[in-house]
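Undergrad: The structure's right below; bear with me while I get my questions together.
Derivation of every value follows stated rules applied to the coordinates shown; laboratory data play no part. Everything quoted here is computed from the prediction, not taken from an experiment. Here the Cβ is made from the backbone with ideal geometry for all residues, glycine too, and neighbour counts use every protein chain on show.
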Amino acid sequence: GQMTGTMVQQKRMAHDNLGRLAKSRGGNRSRDTATSMTSVLQSMTLLYSKHRYYVGLFLVVSLVVIKRSASKKLWDCHKVHGSDRWHCRNRLRKANRGQAEVTRAQKKRIAEMQHNLEEQGLVYPPLPKDIQIRTQAVTIEEMEPWKWSDVDQGEITYGDENKSMPYYRCGPPTKILTINPELTEVVLLRGAKSFSKENWKTSGILETLCNTNNNDDMGNLLVTAWDLDEGADGNELVAAFDAMSAQQVISGRPAVIISPSASGKALIGLAAMRLNPKIEQDDLKRIVKAWVPVSPTAALRAQDAVLEQYKTSNIPTLAIHGDQDPNGDKIALRLITNSAAKAVKLNGKHAVYLSSPKEFVEAILQFLDETSLYI
């Protein structure tokens, strides 16, 4: 109370000094301003000299409170989202600055989506709170419920024989799939024998790709893992793709298809269908936006003309194999020569995506970035 009263008294003294200077001086306004500022500074100096202990204590306590508050928010972010400190720090910094978390391009895209849905008579789903324009700080609790990285599972039937195919899925809501022009879709096929869609989940690859999705970019990455039969050919892949599209699990636009081992047969069979004069529809370009074969042994038996369909169709190809795979270099060389593929060798055996899952995902994301398939 004594400190507050002294501060008020010093303020009044400064105000009175300014008033007396304004009355006594006239003509030279700049000189009056300089003198007034000097008087104010002298008053502030006098205040600090008399109460420097209390002023210093106030500043120290303020810094401690601010630091503890920031550390708690950072820890809450790390605990809830599992993100590293750098990601959480930038996320909170962006929120607390009160800046808009959508760019002009994203706002334009939101408006286009709303307009398209209104024309179709649909109701646009409410936008997540943490991608709306903010005028105040965002809390962790507000951001948590809107995670488009959550993995769902389901099952479809396809083909004349009504085969069943379980799948995993993460990404944006079904209603906005066909109207988001920047959506990138990644399809994870299964390997041979005991390998299935579960391997993508247990290895952490599915979760890592899904977590690449975020609310800031409107969920522009859709990831699905299919249990397509290991002996499936091109026709069966087309039937499964069309069934997934018809049930709105995917958008039906060309996708980035990752085919480990035996599932490469379906992608090579899809290219062979392009050479069949009886088939008018170009299913290869309709379904495949980019191809990531993981040491497909079918490439060793395929004709050069078949593998060349990926090059002539301008479909980017990334051949991945393990340094302990005996056929890895041979397969990569065939794909480089005939499909204009880029090759990456990782540490591991034939199923290299299970030996080096982190490096595998990094290679995929770098490939998508270099080919401008996902930004």
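Undergrad: Of Lys278/Lys349; Lys197/Lys289; Lys163/Lys201; Lys163/Lys342; Lys193/Lys285; Lys278/Lys345, which ones are farther than 32 Å apart at the Cα?
TA: Lys278/Lys349; Lys163/Lys342; Lys278/Lys345
Undergrad: What does the net charge come to around Arg190 if you take all other residues with beta carbon closer than 11 Å to its beta carbon, with K and R at +1 and D and E at -1?
TA: That works out to -2.
Undergrad: Suppose each label sits 7 Å from its Cα in the direction of the beta carbon; what would the Glu280-Val60 distance come out to in nanometres?
TA: About 8.6 nm, to one decimal.
Undergrad: Work out from phi, with θ = phi - 60° and the Karplus expression 6.51 cos²θ - 1.76 cosθ + 1.60, the ³J(HN,Hα) of each residue of segment 307-313, listed in order in whole Hz, and give x for Gly and Pro.
TA: 5, 5, 5, 6, 6, 5, 8
Undergrad: Please state the relative contact order of segment 191-268 as a whole percent: Cα pairs under 8 Å, 6+ residues apart?
TA: About 37 percent, as a whole number.
Undergrad: For Asn199, what is the net charge nearby, where nearby means another residue's Cβ is under 14 Å from its Cβ and Lys, Arg count +1, Asp, Glu -1?
TA: So the surrounding residues net to +1.
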